[in-house]
Amino acid sequence: MQYIGLTGSLSSGKLGGLVGSRGRSGSQLRARIVPRQALTASSSEARAITGGLPALWRLLTPAEHQSWAELAQDVPVRDALGQSVTLSGYALYIACARRLITIGIIEPLRAAPPRPSIPPIYGFEATPIYNAPGASSALEDIQLTTANPLPLDFTPVLRASAALSPTRFNIRASNLRVIQAGVMWPSEPYGVLALWQAVYGTYPPGGTITFELSLVDPISGLVGAAVRAVTSYSYTPTPAPTPGTVTVEVEGVTIAEIPDTYIQVEGITVAN
């Protein structure tokens, strides 16, 4: 939201929740926007490493530059519109190096390696798991499965969206965040709700989550075709206990009465 001409004292800079600037319409005040995604120590380190990739490219020899240009001609990619495009050798080098950083490999790339044969992923599905029948409804986990075990020669990268409205269908790559990378799945079905919560926090009572799985070659940084699985879940949160009055007695003598209170031990209400 923009406000024009409210005050002349703030011509530029920040003041509280406002940011001032000068434009063709005169002095302008805008609400200060705080980024939603706070930087963590690991993400700050990854961004610092990524920021140094152009310098690594400049250290390559002309022959190494040419090897990446030739590889780029052999591995066209899809843009946001689904159209096939050919990257430059530089763009492919940066993309591959960033993927290697994502899976925990920081050894600099030199000449382009041979193009690997990354197998496709079939039958990727996500299933919500609820608690045992007869208990209060609750979401216990979300399990991911594939038709065939993931190959050991390539590293899975798992991304996920937030819990969104079921009516939202256009989930873009920018809506997905990495919830696990560089870790081989120990078994299937693979429970990922804890991984999702570590990134997005507490899940709401209902929503739709999109998961995206891809395989990265740990040598070249090239990636196979990503597949998606969408799951919707809904549960009824356990209602909070009804507060009552807690009476405190010492040797049969009431010394205090605390209204609107309940006492829990390990999440179980024992008095109210």
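The values are calculated or read from the model by the stated rules, or taken from the named source; none is laboratory data. Predicted model only: the values in this text are computed from it and were never measured. Cβ atoms come from the backbone with ideal geometry, glycine included; neighbour counts cover every protein chain shown.
Quick notes on this one:
- Residue match in the stretch 139-150 (condition: surrounded by 17 or more Cβ atoms within 10 Å (Cβ to Cβ), more than 18 Å from the chain's Cα centre (by Cα) and part of a loop (DSSP other than H, G, I, E, B)): yes
- Filter result for Glu140 (in contact with a strand residue (DSSP E or B) (Cβ under 9 Å, 6 or more places away or on another chain), closer than 14 Å to Ser214 by Cα and of a type in the set (Asp, Glu)): no
- Filter result for Thr155 (surrounded by 17 or more Cβ atoms within 10 Å (Cβ to Cβ), in contact (Cβ under 8 Å) with a residue 24 or more places away in the chain, more than 14 Å from Ala229 (Cβ to Cβ) and not hydrophobic (A, V, I, L, M, F, W, C)): yes
- Residues that are over 18 Å from Arg99 (Cα atoms) and part of a loop (DSSP other than H, G, I, E, B), drawn from the stretch 152-180: Ser161, Ala162, Ala163, Ser165, Pro166, Thr167, Arg168, Phe169, Asn170, Ile171, Arg172
- Of all residues making up the stretch 64-95, the number that are free of Cβ contacts under 8 Å to residues at least 60 places away in the same chain and outside any helix (DSSP H, G or I): 12
- Residue-level analysis places Leu164 outside the set of residues that are under 22 Å from Arg228 (Cα atoms), touching a Lys or Arg at 6+ places or on another chain (Cβ under 8 Å) and of a type in the set (A, V, I, L, M, F, W, C).
- Residue within the stretch 118-134 that is more than 21 Å from the chain's Cα centre (by Cα), touching a residue at least 24 places away in the same chain (Cβ under 8 Å) and within 24 Å of Ser67 (Cα to Cα) present: yes
- The C-beta contact set for the stretch 197-216 (first residue under 25 Å from Gly182 (Cα atoms), second residue at pLDDT below 90 and of a type in the set (Ser, Thr, Tyr), distance under 7 angstrom, 6+ apart or interchain) comprises Gln197/Tyr203.
- Residue check, Ala111 small (Gly, Ala, Ser), within 19 Å of Ala48 (Cα to Cα), in contact (Cβ under 8 Å) with a residue 24 or more places away in the chain and out of contact with any Lys or Arg (no Cβ under 9 Å at 6 or more places or on another chain): no
- Across the stretch 96-109, the number of residues qualifying as part of a loop (DSSP other than H, G, I, E, B) and surrounded by 15 or more Cβ atoms within 10 Å (Cβ to Cβ) comes to 3.
- Residue satisfying all of: in the stretch 181-227; surrounded by fewer than 16 Cβ atoms within 10 Å (Cβ to Cβ) and assigned to a strand (DSSP E or B); nearest to the chain's Cα centre (by Cα) among these: Gly191
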